[in-house]
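Working notes for the structure below.
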Amino acid sequence: MRNSILVFLVFIIGAALLACNSNETLLSQSPQPAKQTTPAPPPPDNARRITAEELHKLWEKNEVTIIDTRAESAYKQEHIKGSLSVPAGTLANKLNELPKDKMIAAYCT
């Protein structure tokens, strides 16, 4: 049990930190129509990526917890409605506060 929690913790921290280093755009509350583009190669961290439209649908159904992994000052300036401020350096300490029955979506742009 303890090993599975440690593996989960390492995965979440790694995914959040790698996502923060990506060139992805900030998700808005009002998704724009998807553009026809060629599929992107799989991300090197193997973390699942979703579109803004998918995130918005999950958010409307209360099936996702959105965490903003930027610094608290950036969160205070602007953030996705309903998101939680969990700066990347504090994620490990706050894992127990995140729901276990919902998808966790992290952003940091």
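The values are calculated or read from the model by the stated rules, or taken from the named source; none is laboratory data. All values reported here derive from a predicted model rather than from experimental measurement. Using ideal geometry, Cβ is built from the backbone for each residue, glycine included, and neighbour counts are taken over all protein chains shown. Quick note on the areas: whole protein, heavy atoms, side chains included, nothing else; ligands and nucleic acids left out. Shrake-Rupley method; radii C 1.70, N 1.55, O 1.52, S 1.80 Å.
Assorted remarks:
- Average accessible area per residue (Å²) across the stretch 59-109 - probe 1.4 Å, nucleic acids and ligands excluded: 61
- For residue 105, the amide hydrogen comes within under 5 Å of the amide hydrogens of 65, 66, 67, counting only partners 5 or more places away or on other chains and with H modelled in the peptide plane.
- Distance between the pseudo-spin-label points of residue 100 and residue 57 (7 Å out from Cα toward the beta carbon): 2.8 nm.
- Sequence-distant residues sharing a close amide H with residue 85 (under 5 Å, placed H): 68
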